[in-house]
1. Are any residues in region A:225-264 more than 12 Å from the chain's Cα centre (by Cα), more than 10 Å from chain B (Cβ to nearest Cβ), open to solvent by 10 Å² or more (accessible area, probe 1.4 Å) and among the hydrophobic types (A, V, I, L, M, F, W, C), and if so, which ones?
2. If you scan region A:90-110, which residues turn out to be of a type outside the set (Gly, Ala, Ser) and touching a residue at least 12 places away in the same chain (Cβ under 8 Å)?
3. Does A:PHE81 count as out of contact with any Asp or Glu (no Cβ under 6 Å at 6 or more places or on another chain) and open to solvent by less than 70 Å² (accessible area, probe 1.4 Å)?
4. Which condition breaks for A:MET38 when tested against (1) closer than 20 Å to A:ARG260 by Cα; (2) of a type outside the set (Gly, Ala, Ser); (3) surrounded by fewer than 14 Cβ atoms within 10 Å (Cβ to Cβ)?
5. Among (1) surrounded by 17 or more Cβ atoms within 10 Å (Cβ to Cβ); (2) under 19 Å from B:GLY148 (Cα atoms); (3) among the β-branched types (Val, Ile, Thr), where does A:VAL29 come up short?
6. Return only the number of the condition from (1) at pLDDT 90 or above; (2) under 25 Å from B:GLY225 (Cβ atoms); (3) not hydroxyl-bearing (Ser, Thr, Tyr) that B:ALA139 does not satisfy.
7. Can you name the condition, by its number, that B:TRP169 falls short on among (1) under 22 Å from B:MET131 (Cβ atoms); (2) touching a residue at least 60 places away in the same chain (Cβ under 8 Å); (3) of a type outside the set (Asp, Glu); (4) open to solvent by less than 20 Å² (accessible area, probe 1.4 Å)?
8. If I filter region A:108-167 down to residues being polar (S, T, N, Q), within 9 Å of chain B (Cβ to nearest Cβ) and crowded, with 18+ Cβ neighbours inside 10 Å, which single residue comes out as farthest from B:ILE251 (Cα to Cα)?
Amino acid sequence: MAGYIVRRLIMALPVLVGVSLITFILLNVVPGDPVLEMMGKHVDPLTLEKVREQLGLNDPLYVQFGRFLFNALRGDLGKSFKTGQPVTQMIMDTFPTTVKLALSSAFVAIVLGITVGIISAVKQYSFFDHAAMITALAGISAPIFWVAVVAQLVFGLQLKWLPISGYSSPKHMILPAVVLGIRFAASIARYTRSAFLEVIRQDFIRTARAKGLAERAVIFGHALKNAMIPVVTIIGMQISGLLTGSLLTETIFAIPGLGRLSIWALSNRDFPLVQGIVLFTAVVFVIGNLIVDISYAFLDPRVRLQ
Amino acid sequence: MDKTLHSKSASLWGDAWRRLKKNRPAVAGLVVIIVLIIVAVMAPVISPADPIKTDLPNRLKPPGAPSAICKNGVYILGSDEFGRDILSRVIYGTRISLSVGIISQAIVTVIGVTMGALAGYYGGMMDMLVMRTADILFAFPELLFYIGVMFALGPSIYNIFIALALIGWAGVARLVRSQVLYLREMEYVEAARAQGLSDARIILRHILPNCMGPIIVSVTMGIPGAILSEATLSFLGLGVQPPTPSWGNMIYAARAYMLSNPWYSVWPGIAIMVTVFAFNLLGDGLRDALDPRLKR
């Protein structure tokens with residue numbers, strides 16, 4: 001297992017270098033001078049030149065990129081142009097908030113999605129099934145930012161049940177977590193339903209029923225675990241969507257997480273910060289996918305990691 | 001010989017069409033899409049007003065308020081912060097969303113199919129290069145990438161095409177490559193090669209027609225994603241710029257007036273949802289119709 005994990009991480013290295021390279025190229029295509037932006041328009045050219053020299057921006061691009069990679073390997077992502085803080089620290093300050101949001105919405109999504117998916121499958125073609133699947137497809141079709149705006153409108157401004165922005169109490173997390181969670185609940189429900197339908201038609205389920213097991217034991221004891229394998233894949237694939245979604249949710253609900261920081265960094269042309277966030281997010285993806293693959297081995301003893 | 005081949009392929013598509021016709025949700029989706037296309041094409045005829053014509057005294061009117069600029073004399077869905085007719089703007093927004101969905105997927109398909117076919121057919125270095133690039137693109141946080149490209153190139157609908165295409169081709173390429181890898185080992189391809197046909201002819205005439213099914217499904221499934229991405233970018237102020245109406249930038253503008261005119265933010269959102277919903281229904285239906293291995 002340990003060998004497998006190490007091998008996977010080594011295989012991810014070229015991908016991470018590629019991600020950084022593409023980001024680096026994109027950032028250097030962006031019009032405008034980040035240093036000029038940082039120092040203000042009225043700075044004298046001599047100081048400007050000195051700062052550029054200090055930041056290493058006068059070096060050839062490949063030297064700059066090499067330096068970034070070398071430092072990144074040691075966990076140093078450089079300093080923010082805008083605030084002067086170490087990028088690593090800025091990411092670590094905001095990431096826990098994003099994780100909290102992502103985990104709360106994942107909780108909403110998994111509980112709601114799997115429950116609805118199972119009921120739909122067990123009661124296939126019932127009214128509940130049709131209603132749930134139409135709602136789920138609508139949930140996938142609605143843009144997250146619009147659901148967020150409507151949720152603010154209805155639950156915040158009209159009903160006044162919940163605060164619509166900020167991050168000072170657990171109550172503030174309810175709307176963002178539900179808004180972000182519902183979308184993923186919708187796709188998890190769809191996949192759980194189809195995975196379940198496939199499993200309950202198999203022989204071992206018929207055997208379980210034939211030997212007189214209660215329906216509850218058949219569903220939860222035998223079918224659920226087997227149906228979970230494709231569902232786990234989908235949950236794993238949602239990790240990237242969850243981060244993308246949190247970018248929007250954080251912006252709309254004014255939550256100081258990594259997503260909002262990344263938009264702030266881009267709009268301020270804070271190159272080191274953007275570079276750092278992109279690399280960090282890519283690492284999170286890689287680790288997320290690895291966890292998904294490892295979890296197969298637990299769900300399905302036939303899967304051997306190699 | 002040629003004739004039998006043609007009639008056979010026609011029956012394959014005819015078969016898929018028959019299966020699709022029996023799938024009521026998919027037909028409903030197709031009907032909605034056709035209606036949306038008609039709305040987009042006929043926008044100048046059916047809009048009650050010019051979508052960018054302002055009427056400042058009549059700002060933020062509720063649905064049903066009297067209007068001086070609308071042909072029928074009423075703001076059916078209300079007016080926006082410049083007194084423009086929201087219904088007309090939603091109607092014109094259809095043009096943006098549909099063209100982004102369709103054109104971006106057309107670009108993605110051309111690049112993806114080319115790359116995937118070359119990688120799958122030739123293998124070796126070509127395959128390595130294409131697939132590793134695809135891996136890298138898959139590891140990107142998608143939205144962050146789009147936002148970065150829009151910052152780099154500046155906000156416009158053409159740059160949205162570029163942003164979507166830069167990442168989108170990778171998925172199609174993977175799909176086509178896996179199909180080509182399988183098909184190039186088939187005996188009929190070997191026969192074609194033995195006849196001395198050129199690689200280009202083998203790929204274009206003998207291999208690609210046999211992976212049309214999955215490609216069509218993937219393109220249809222990609223359209224709703226592209227529409228949502230455009231709406232998101234325009235919502236963030238990085239896509240289509242006002243006063244050109246896009247559903248995304250309308251929702252962005254509406255956020256500021258949630259208290260005075262709550263309906264303003266609702267209409268464009270419903271438009272996005274209905275459009276994406278219809279493409280999803282059609283996509284699901286096409287997948288079922290074009291995949292003969294699927295048990296019903």
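The values are calculated or read from the model by the stated rules, or taken from the named source; none is laboratory data. As the structure is a prediction and not an experimental result, all values here were calculated from the model. So basically every Cβ, Gly included, is an ideal-geometry build from the backbone, and we count neighbours across all protein chains shown. All accessible areas refer to the heavy atoms of the entire protein, side chains included, with ligands and DNA or RNA removed. Shrake-Rupley method; radii C 1.70, N 1.55, O 1.52, S 1.80 Å.
1. A:MET228, A:ILE229, A:VAL232, A:ILE234, A:ALA254, A:LEU261, A:TRP264
2. Correct list: A:MET90, A:ILE91, A:THR94, A:PHE95, A:THR97, A:THR98, A:LYS100, A:LEU101, A:PHE107, A:VAL108, A:ILE110.
3. no
4. Unmet condition: (3).
5. Going through (1) surrounded by 17 or more Cβ atoms within 10 Å (Cβ to Cβ); (2) under 19 Å from B:GLY148 (Cα atoms); (3) among the β-branched types (Val, Ile, Thr) one by one, A:VAL29 breaks only (1).
6. Going through the list (1) at pLDDT 90 or above; (2) under 25 Å from B:GLY225 (Cβ atoms); (3) not hydroxyl-bearing (Ser, Thr, Tyr), B:ALA139 breaks only (1).
7. (4)
8. Step by step, filter region A:108-167, then rank; the result is A:SER141.
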